[in-house]
Amino acid sequence: MTAYTEAKPMKDLSFVAQGPNTGGWRDRHIQAVNAPRGPERAIVAGLRAWCDYAVLHATRYESEIGDDGVLGPAWEQWGRALRTLLNGETGRLDCGTLDAIILDNLITQGFGE
């Protein structure tokens, strides 16, 4: 199966917010994404699955998840739930970076704030 060539670009866990690495936050975040432990494992797996779902949908159906009248709203709810979970224990993960990934992807798919 080939990739949907018209898919809108979305952020994934490879995205890291810019700015000074004050106190080493960026290094800790990258380490947590690449080798999650404890509560990081669930957040990383959940966010990766959410991003992958949209990409796989676009590849399979050659349309954006945001254009799907049934799956799109469910995917939106999933993303909003992930954002809420960032208020809990997240270990070394930078929640601002993760929030930016989620919010940007929601906006890209037409579920703007």
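The values are calculated or read from the model by the stated rules, or taken from the named source; none is laboratory data. Only a predicted model underlies this, so the values are computations on that prediction, with no experimental measurement involved. Note that we place each Cβ from the backbone using ideal geometry, even for glycine, and neighbour counts take in every protein chain shown.
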In this structure, does Gly38 turn out to be closer than 26 Å to Phe111 by Cβ, of a type in the set (Gly, Ala, Ser), more than 17 Å from the chain's Cα centre (by Cα) and surrounded by fewer than 18 Cβ atoms within 10 Å (Cβ to Cβ)? no
Check on Glu113, surrounded by fewer than 13 Cβ atoms within 10 Å (Cβ to Cβ) and at pLDDT below 95: yes
Could you check, for segment 58-79, whether at least one of its residues is of a type in the set (Asp, Glu), in a loop (DSSP other than H, G, I, E, B), surrounded by 14 or more Cβ atoms within 10 Å (Cβ to Cβ) and without any contact (Cβ under 8 Å) to a residue 60 or more places away in the chain? yes
Across segment 1-30, what is the number of residues that are more than 17 Å from the chain's Cα centre (by Cα), part of a loop (DSSP other than H, G, I, E, B) and in contact (Cβ under 8 Å) with a residue 12 or more places away in the chain? 5
Only one of these is under 16 Å from Ile101 (Cα atoms), free of Cβ contacts under 8 Å to residues at least 60 places away in the same chain, surrounded by 12 or more Cβ atoms within 10 Å (Cβ to Cβ) and not acidic (Asp, Glu): Val44, Val33. Name it. Val44
